[in-house]
Each structure stands twice: as C-alpha cells, then as structure tokens.
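A short write-up of the structure that comes next.
The values are calculated or read from the model by the stated rules, or taken from the named source; none is laboratory data. None of these values were measured; they are calculated from a predicted model. Here the Cβ positions follow ideal geometry from the backbone for every residue, glycine too, while neighbour counts run over all protein chains shown.
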Amino acid sequence: MPLKDALPVIDDRRYSDIVAEIRSRIARYTPEWKPEWNDVNDNDPGMILAHVFAWLSEMLLFRMARVPQLNYVKFLELIGIELMPALPARADVSFAVDEAWPLPTVIVPARTQVSAPSDEGPPIVFETERPLTAVACRLLAVQAYDGAVYHDVSAANSSVSPTPLRPNPTGFAPFGDAPRDDAALVLGFGFPPTYPTPDQFPTLSLDLAFWAFEQPTQSLTVQCARPTRAFAAAKLEWEGWDGAEWVRVDALNDETLAFTRTGHIMLRIDSKLNLARSFLGEYDAIDPVTKQPREPLFWLRARLSRNQYERAPRLAAVRTNTVPALQAQTVQREILGGTTGARNQTFQLENTPIVHGSLVIEIDEGIADDAAAAPGASARRWAIAEDLFGAGPTDEVLAVNWTSGEVRAGDGEHGQIPVANADNPDTNVVAVEYRFGGGKRGNVAAGTIATLLSPIDGLDGGKTTNVFAAYGGREEERFEEAQVRARRALRARERAVSVDDFELLAQQAGNVKRAKALPLTHPRFPGVAVPGAVTVIVVPDAAGPNPLPSDGLLRTVCAYLDARRLLTTELFVVAPRYVAVEIDAQVVVEDNADPAVVKQNVEKALATYLHPLLGGDDGSGWPFGGALRYSKIVQQVFAVVGVDSVPRLVLTVEGDEQPECRDVAISPFAPNALVRVAALRVEVLTAFEFEGAGG
C-alpha cells in the first residue's frame, strides 16, 4: 500500500462544516439560553459570532494542514532537490552581408542580438554564442557529383518549408545515392554585382554550416559517445578550382564527421590558392529557367577520397555566415547594493531567470593589497555556487537562485561574511555580467528570427533568419514534477543503471517531456537482443501532433547521459517513430445538437486521445507501442456532448484498413512507436438523414 494512503488527516472541515456543527450544538451546550436563543438564522447576533469563530478556525486548520507539505519541502531541500530552472532555447542564425558593402568580410561579434516576434509580451531575444566572420561572397550553386555526372541541387538547398526539422521535403545526397570514390559536393560562390573586386576570392577562414537530413520513415538516432571516440565513415578532401585544376584547401575542423551529422566545417582560404571564376558542371552561362546570362563563380568541393559509408549521407541544407545563438540577454555592471557585515545578507538581480553559469559578481570591501591602489582596485570576484553547505568560514562564495535571481552571502560558518565598505557603503556589490532568458516561448519556428537588434555596418538586417526551428527551451519545473523526480532521483543517485534511471535523467537533460528506455536494444539491429546496448526514445515538450526532437536536443541528452552511464553501456538516443493512423467515423447527433459543433468536438477528442503528450487513458501521452483499443476509441466519440450513436468507425494504420470492432496492435508496424493522426474524416448526420440513408 502506498504510504500516502496511510497519512492521517489532520482536519478536513471547512467553513460551512464548522458553522453547521456550531448550530447543531447550541441546544446541547447552552440549554439555559434556549428560551432566548431560539433563532439560529444568520442574522442573529450569536450566529454572527459563530461565523467569525468558524472563519478563524478554518484559517487555523488550513495552516495546520500545510505542515506536512512544509516538512516535505524541507526534506527535498535536505537531499538537494531544487526546482530545475528554466532553460533557454538555442538556434542557428544566418546573416547576410549588404550588397553595397565594399569589403570582403564583416565581423559579427559575440553576443550580437537578434529577435523573433512573440504572440504575448516583448520580442524573444537571441544572442550569438561566438564571433563570426561573415563573407560577402554568397553560396549561389550547389552540385552533387557522383563520380560521373553533375546534378544541380541548388533548389533543394535553398527551399525552406515550415517543418521544424527539415528545410526541404527530401534533402539531397551530396555524393549521389550510391557514393563512390572521387564523388564530390561542389559549392559555387559569387559576389553581388556591386562588389568592387568580383574576380578575387578573399583570404579568410570560411565557416560552412551543414545540416544532416534524416528520412521521415527513419528515427533520428544519435549514439552517445565522447567526441574522441567518434570517427568518420569516410574521408573528405577539400579542394578549390584555380581555372586549370583542383588544388588542395586546408580544412581546419570538421564537426560533421563527413556529412553524417549536423555541424560546421572551417576552411582556410589562403593567398596562394588563387581561385578562378568559371562555369562548371550544370552551372552554365545561361540560366535554364530565366534564360538570362549568369556570372561565373568560384568553386570549392568536398571530394570523397575514401568511401566506407554504411548508408549514403543526405544533407538538408548548407549555409554560410551562420552561428549558434542562445535565447538570452547580457547585462553588465548591474549594482546590487552594499554589504553591511551582517550574516546571510541577500541581494537581488533585476532580471530573471538567470542562465546557469553566466553570473559574475565582484565585491569591493575596501581592503586593497597596495595602499596606493586606485579606488575600486580592491574589488574581488567571488565564486558562485548552488548553495553554501560545502563552503568554509573563509571561502569567498555566494549562493544564487537561478530562477528568482536571489544572491545570498555566508554566515561566517558556511561562507565568508562580506565586510562593509565605509567608503562605498551602498554600491560595492556589482554583478559584472550575467545573462537572463529561458522558457518554451524561445522554441520559435524556422524563419522567425528575422530582426537584427544590434546594428552592424555591412550586414543586411532584413535577411537575418534561422533555417531551422529553435530547440531546448524549457519552463521552470513545477513542484509536482519535482516530487516525482525526487523519488526517482533517490534511486538513480545521478547514475544511469536501470530503465527508470535513464528515463529520469533524459527528462532532466533538456526540453524532454517523455522518455522511454529500451534495454538490450540497438537501433541498427532491430529485434535482436544486444547485450550492453540501451536505446532511449525522447519526445520533446513541443506543439504539434507529432513532436520530434531536433538534432541539437538529441545531442544534449546524449552528453548528459554519457557522463552518467556505466562504462560498458552502449547508449543511443533516438527520436520516436510514429505510426500513421487514419480514422473514418460516422456519427449520428441528437435532435437538439449542432452538427458542426459536434463534428469539431469529435475531431478534437480523437486527436487529443491519440496525442503523444496529451493522449492515453490517463492524459499523460499515448503509451509507447500501445495498441489501438477499438472500444476505447468509440468511447471517446460517445463522450462528446450531442452524440447519439456511432454507426461506423474504421481505422486505417499505415495505409492498411483494419476490420471494424477489432483492436489493432502497433508492434507489427513499429515496436515502441507512437501514434500520429494522419487524417480524421468524421461524417455527422442527424437521425432523419441517417434513417433516410438506410441506416
């Protein structure tokens, strides 16, 4: 029996119960007042006193009933369980150099701010994570060379659809569908017509961003392994065309593992390269569509010098001038107040929530090592920690609440007490820098980060964009969720051993709403029990009928689990597989019901019941691999107000129409899959129409 069922009830009486009890006891406890007090209505003076005492008693009982919850919260604090703070979203932002800019490059500093519109509140601000050297030359042509023939894939690379994970519906194969040695991905670059020296390619480090594409019928899979243990399945040689032959180009780094995953590749274009403009492959002097003349381009290619791909790679997009960005804003030199020398002094940051690890605080106690030092030279940087329990009496450390922005100093036993500064009593505590932001609102769609807030000479602010949707934004954890996590955390102890451990830690890693751990399961060997292999399916907390995690979220979860798994565990994190379900239903409505409203409510009820996050019998999401119970689906239709009968309901799973009144197992189509409602066709009839149709 759960312990919660054995908890004693302190007192569950409410205000009305206490008043009724007082009224019933008047005759028993005050018989001498019976002749005078025979009016027990609310307008009697004695009953007014009874109401006052009942109200006071209810307040007292309410406070007493909260004591067990207070003890529970204190216990969570004792074992180190805090509400997980909000996490900021991440996105890759692409910039464009102004066509009238005369220089070959534009420096985009780190923390450059861009924004996306918000339906509620102010715009959502993102900041770039690192500096970027934006180049004026534009990527104008993309060709796939399979070793014999060039194929122009520029249209597939440039098209953008609203799908959050994929900028085009099919992607493109950089080396063809059957890669072989000397196949190549060929990229053509050109300058705008106004550029002063269009025949000279600049000397720079060219940053190219690549997004790997996954087939819609296959789950996104990421193997959790440290970077030092990841090796490319092929070898690429980067080369540039000098007008006569292909010459070698140095690749400084390759995060994509030969185009098998999303990442950046940095190429060093030196002055000795001497790239020449020319026409190459399917890129001719005349545009085949517009019939207009075209300018020759500079060409770079990634040649496949050694091919050992298990599966031909596919790319979703290639972009220049792209840099990762975080949904956060930077604040510098914010004055928090002054120290008084008191124990446990607190300071408050103005903006919240605080991005974890971004806070830097200096305290000027007026004690300088050099008597001739300048004012303010005695300011020292104090360490930032989650709490002060492990701090000693002389440790200069402050505890911060990342959600509320409260900063707490020590008490002389756990953490040093900051000394008051007589020369600067009110402003000697300064937040040198911190970043704030976070929440699900930062998970904006592709193409919405389109406003450049930090003006930079040479950038065309109107062409700022994000090719893919932002990912990873999460709201602060609710107390109910922390209660569930606390029980599992006591068993997991920050290490992944059991199935529950993997699922709990995966939900802690990022914007993951649901997780399912499959022991002895290897994605490349379905149906075979592989010792030591664990596959974790993650479903993000995102809108839409079939939420899919981004590549960045999968890698975030991987990194988190990889640090906590056993050494002998081979770990994989995958996106869920969705089985397409179509529902054809015929519904007869009651005489007084509105058919249009009933149709809308039936469609909503069915879509909600089968939803991966909101569906199922308990409303916590459709179970992984859960069978479609025909009777329960019909019950969802009958639960809609105005439905009289359901003469027909047919399920079609993955294109196969199923017999009526039969349960349908999902496992034969895809084990541990979720359900995606591909189509809802609800025909609503009145009783007269149904009888007229021969029903």
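State all residues of the range 477-512 that are buried (at least 17 other Cβ atoms within 10 Å of the Cβ) and not in a helix (DSSP H, G or I); if no residue qualifies, say none.
Across the range 477-512, the qualifying residues are GLU477, ALA496, GLY510, ASN511, VAL512.
Does SER667 satisfy the condition of being out of contact with any Leu (no Cβ under 9 Å at 6 or more places or on another chain), closer than 30 Å to PRO531 by Cα and outside the structural domain of VAL499 (by TED's automatic domain parsing)?
yes
Restricting attention to the range 600-625, report how many residues are under 17 Å from ALA678 (Cα atoms) and in a helix (DSSP H, G or I).
9
Can you say whether ARG261 is surrounded by 13 or more Cβ atoms within 10 Å (Cβ to Cβ) and either of a type in the set (Asp, Glu) or part of a strand (DSSP E or B) (or both), as far as the supplied structure shows?
No, not satisfied.
So GLY642 fits all but one of (1) over 34 Å from the mean Cα position of the chain (by Cα); (2) on the phi < 0 side of the Ramachandran plot; what number is the exception?
Looking at each condition in turn, GLY642 falls short on (2).
Being of a type in the set (Lys, Arg), modelled with pLDDT of 90 or more and within 30 Å of GLN507 (Cβ to Cβ), is that true of even one residue in the range 131-145?
Checked the range 131-145: no residue is of a type in the set (Lys, Arg), modelled with pLDDT of 90 or more and within 30 Å of GLN507 (Cβ to Cβ).
Assess whether ASP541 counts as being touching a helix residue (DSSP H, G or I) at 6+ places or on another chain (Cβ under 7 Å), over 23 Å from LEU566 (Cα atoms) and either touching a residue at least 40 places away in the same chain (Cβ under 8 Å) or among the basic types (Lys, Arg) (or both).
Here the answer is yes, as ASP541 does meet what is asked.
Test VAL589 against the criterion of being buried (at least 22 other Cβ atoms within 10 Å of the Cβ), of a type in the set (A, V, I, L, M) and within 29 Å of GLY655 (Cβ to Cβ), and give yes or no.
For VAL589, the condition - buried (at least 22 other Cβ atoms within 10 Å of the Cβ), of a type in the set (A, V, I, L, M) and within 29 Å of GLY655 (Cβ to Cβ) - is not met.
Kindly indicate which of ALA420, ALA328 is closer than 30 Å to SER205 by Cβ, in contact with a Gly (Cβ under 6 Å, 6 or more places away or on another chain) and among the aliphatic types (A, V, I, L, M).
ALA328
Could you list, in sequence order, the residues of the range 535-580 that are touching a Phe, Trp or Tyr at 6+ places or on another chain (Cβ under 6 Å) and small (Gly, Ala, Ser)?
Once the filter is applied, which keeps residues that are touching a Phe, Trp or Tyr at 6+ places or on another chain (Cβ under 6 Å) and small (Gly, Ala, Ser), the range 535-580 yields SER550, GLY552.
Residues of the range 302-349 being among the acidic types (Asp, Glu) and either in a strand (DSSP E or B) or on the phi > 0 side of the Ramachandran plot (or both), which ones?
Passing the criteria: only GLU334.
Is there a residue being among the basic types (Lys, Arg), assigned by TED's automatic domain parsing to the domain that holds THR203, buried (at least 20 other Cβ atoms within 10 Å of the Cβ) and outside any loop (DSSP other than H, G, I, E, B) anywhere in the range 285-301?
Scanning the range 285-301, I find at least one residue that is among the basic types (Lys, Arg), assigned by TED's automatic domain parsing to the domain that holds THR203, buried (at least 20 other Cβ atoms within 10 Å of the Cβ) and outside any loop (DSSP other than H, G, I, E, B), so the answer is yes.
Any idea which residue in the range 482-509 is modelled with the lowest pLDDT, counting only those that are out of contact with any Leu (no Cβ under 9 Å at 6 or more places or on another chain) and closer than 19 Å to HIS356 by Cβ?
Ranking the candidates gives GLN508 first.
I'm trying to understand the selection: among the residues of the range 617-630, which are free of Cβ contacts under 8 Å to residues at least 24 places away in the same chain and crowded, with 17+ Cβ neighbours inside 10 Å?
PRO623
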